[in-house]
1. Among the residues of the stretch 17-48, which ones are open to solvent by 60 Å² or more (accessible area, probe 1.4 Å) and either within 16 Å of the ligand (Cβ to nearest atom) or touching a strand residue (DSSP E or B) at 6+ places or on another chain (Cβ under 7 Å) (or both)?
2. Pick from the stretch 140-162 the residues that are open to solvent by 10 Å² or more (accessible area, probe 1.4 Å), over 23 Å from A192 (Cβ atoms) and of a type in the set (A, V, I, L, M, F, W, C): which of them is farthest from the ligand (Cβ to nearest atom)?
3. Can you find even one residue in the stretch 200-207 that is under 21 Å from W90 (Cβ atoms) and part of a helix (DSSP H, G or I)?
4. So A171 fits all but one of (1) at pLDDT 95 or above; (2) within 16 Å of the ligand (Cβ to nearest atom); (3) open to solvent by 70 Å² or more (accessible area, probe 1.4 Å); what number is the exception?
5. Select from the stretch 167-191 the residues that are within 12 Å of K157 (Cα to Cα) and touching a strand residue (DSSP E or B) at 6+ places or on another chain (Cβ under 9 Å) and list them in ascending order.
6. Could you list all residues from the stretch 114-137 that are touching a helix residue (DSSP H, G or I) at 6+ places or on another chain (Cβ under 7 Å), part of a strand (DSSP E or B) and either within 13 Å of the ligand (Cβ to nearest atom) or of a type outside the set (V, I, T) (or both)?
7. Out of the residues in the stretch 71-113 that are under 24 Å from A197 (Cα atoms) and within 9 Å of the ligand (Cβ to nearest atom), state the one that is surrounded by the fewest Cβ atoms within 10 Å (Cβ to Cβ).
Amino acid sequence: AAAGDWSTIEVSVADRVGTIRLNRPKALNALNEETMDEVVAVATALDADDEVGAILLVGSAKAFAAGADIKEMSSKGLAEMYSADWFRRWEDFARLRTPVIAGVSGYALGGGCELAMMADVLITGEGAKFGQPEINLGVIPGMGGSQRLTRSVGKAKAMDMILTGRHIGAAEAERIGLVSRVVADEELEDTAATVAAEIAAKSKPAAQMAKEVVAAAFETPLQHGLVHERRVFHSLFATADQKEGMSAFSEKRSPQWQRR
Ligand code: HXC
């Protein structure tokens, strides 16, 4: 898996830990289709490798990931989003059986927050910022945010974050139960790697089964919610406000909502 010729990620394997680093610095690691394909392909290969006991996912100091790639989606319509079942492949990442540790520094917004929430252990630097700002683009979360955020932090905080789009800091994220641990920004990478190595050193079947049973408590019947969320998300690509919200982002101006 490490040997591939990847263009949006970097991959390495050491200490039984397979590390995937999101690497699109000019777009703050925005998750485009290529990144999704690369992350899922590598993670799937690491998952099947007996020599790998944990998968570590990190970004850069400034951004874990600033969201799904807005520019890539901006001009798409409902039929195209629906027939591609846009974002469905991320579910393959969420369904990996090997424990996944995310080390989050900087922005984890939109799809970045949703990807971080797919991890089993979420370690964050104190300067990290989480948010679901899709409402400000005229859409809603589409990679599981409405379901996973609500299940992790409850309705009050999930509604607040998803309806206002506000960013929350690492301290609030830890207080509400969104993240596992907060450490100094300078220690984030080392701590995340150490935790990943600690988990990777356990019995792999025991660690996989531990993950499976905790996930079962969390996820039943998540699948319905996720498919429903994707369909509603896709349908927003039939609105004028989606076009306006995403165009305004690219043109660096405030959106003028038509509310239709
Ligand atoms: C595409 C993105 C991007 C994104 C940033 N960039 N986020 N490109 N998709 N999600 C690009 C910018 O356009 C810019 O490109 C470059 O990365 C640097 O970003 P800046 O905005 O100049 O950086 P800064 O001023 O430091 O602001 C950082 C930021 C801001 C606060 C994180 O970039 C931001 O608000 N990004 C969008 C966050 C967001 O809405 N995420 C949710 C996406 S939707 P140029 O070419 O100008 O240098 C989603 C869920 C799916 O994830 C639901 C559908 C939308």
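1. Passing the criteria: R21, P25, K26, E33, E34.
2. Of everything passing the filter in the stretch 140-162, A156 is farthest from the ligand (Cβ to nearest atom).
3. We begin by selecting, within the stretch 200-207, every residue under 21 Å from W90 (Cβ atoms); these are none.
There is no residue in the stretch 200-207 that is under 21 Å from W90 (Cβ atoms) and part of a helix (DSSP H, G or I).
4. (2)
5. Filtering the stretch 167-191 down to residues within 12 Å of K157 (Cα to Cα) leaves 167-168, 172-173, 175-178.
Across the stretch 167-191, the qualifying residues are H167, I168, E172, A173, I176, L178.
6. L122, G125, F130, G131
7. Among those residues, the one meeting the criterion is G106.
The values are calculated or read from the model by the stated rules, or taken from the named source; none is laboratory data. In this text the structure is predicted, and so the values were computed from the model without any measurement. Don't worry about glycine lacking a Cβ; one is built from the backbone with ideal geometry, like all the others, and counts go over all protein chains shown. Areas reflect the complete protein model, heavy atoms only, side chains present, ligands, DNA and RNA absent. Shrake-Rupley method; radii C 1.70, N 1.55, O 1.52, S 1.80 Å.
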